[in-house]
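These notes are about the structure you will find just below.
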Amino acid sequence: MEAALAEARAAALRGEVPVGAVVVAPDGRIVASAGNRTRELSDPTAHAEVLALRSACAAAGSERLPGHDLYVTLEPCPMCAAAISLARIARLYFGAEDPKSGGVVHGARIFARAQCHHAPEVYDGIGAEEGAALLRAFFAGRRERDAT
């Protein structure tokens, strides 16, 4: 999770919402990592999870990543949860919960739907305090900037 948190910190420095993701191969190697880049790329789908999955799939030469783990600093949104399912990620580890926009334990609960063809094992709360603190600081700074 530390590598995902580093990606989240880097995203914040770029002015992006501080979310980071890391894909880990079955042998324990990090095969892809990314932070949010929606503003930089002018792409609403450029969430950390999607970017990391794209990179890992390209490296593997496959649209599926069986046996791989995904570490994310924030509960994935419904779009990212669907991508995680489609990539056949084995285990999802995430930090902070996202009651407003989450798609795993909140909101749409993508993996619990009958239409979901693959649900990874889910472990939440990993590095949650630091992930949540990054998000709070980021949005507090934006509110301060917008108030002036």
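From ALA46, ALA10, grab the single residue that is under 25 Å from ALA137 (Cβ atoms), without any contact (Cβ under 8 Å) to a residue 24 or more places away in the chain and not in a strand (DSSP E or B).
Unique residue meeting the criteria: ALA46.
Between ILE84, ILE89, which is out of contact with any His (no Cβ under 7 Å at 6 or more places or on another chain) and of a type in the set (A, V, I, L, M, F, W, C)? Walk me through how you get there before you give the answer.
Numbers: ILE89 fails: out of contact with any His (no Cβ under 7 Å at 6 or more places or on another chain).
On inspection, the qualifying residue turns out to be ILE84.
In segment 110-125, which residue that is farther than 18 Å from HIS47 by Cβ and assigned to a loop (DSSP other than H, G, I, E, B) is most open to solvent (accessible area, probe 1.4 Å)?
HIS117
Of the conditions (1) of a type outside the set (A, V, I, L, M, F, W, C); (2) crowded, with 17+ Cβ neighbours inside 10 Å; (3) touching a Pro at 6+ places or on another chain (Cβ under 6 Å), ARG91 clears all except one; give me its number.
The failed condition is (2).
Taking into account only those residues within segment 1-57 that are under 22 Å from ARG91 (Cα atoms) and among the β-branched types (Val, Ile, Thr), which is surrounded by the most Cβ atoms within 10 Å (Cβ to Cβ)?
VAL19
So which residues in segment 112-128 are modelled with pLDDT of 95 or more, of a type outside the set (A, V, I, L, M, F, W, C) and more than 14 Å from TYR93 (Cα to Cα)?
ARG113, HIS118, listed by residue number.
For segment 55-67, name all the residues that are more than 15 Å from the chain's Cα centre (by Cα) and either within 14 Å of ALA34 (Cβ to Cβ) or assigned to a loop (DSSP other than H, G, I, E, B) (or both).
Residues satisfying the conditions are CYS57, ALA58, ALA59, GLY61, SER62, GLU63, ARG64, LEU65, PRO66, GLY67.
Name the single residue that is nearest to SER55 (Cα to Cα) among those in segment 68-100 being assigned to a loop (DSSP other than H, G, I, E, B) and out of contact with any strand residue (DSSP E or B) (no Cβ under 9 Å at 6 or more places or on another chain).
If we filter segment 68-100 for residues that are assigned to a loop (DSSP other than H, G, I, E, B), which is where we start, we get 68, 75-77, 87-90, 97-100.
Checking the rest, the ones that are also out of contact with any strand residue (DSSP E or B) (no Cβ under 9 Å at 6 or more places or on another chain) come to 77, 88, 99-100.
Details: CYS77: 19, ARG88: 15, PRO99: 28, LYS100: 28 Å.
Once the filter is applied, the top-ranked residue is ARG88.
The values are calculated or read from the model by the stated rules, or taken from the named source; none is laboratory data. Nothing here was measured: the structure is a model prediction, and the numbers come from that model. Glycine also receives a Cβ, built like all others from the backbone with ideal geometry; neighbour counts cover every protein chain displayed. Each accessible area value is taken on the protein alone, full model and side chains, heavy atoms only, with ligands, DNA and RNA left out. Shrake-Rupley method; radii C 1.70, N 1.55, O 1.52, S 1.80 Å.
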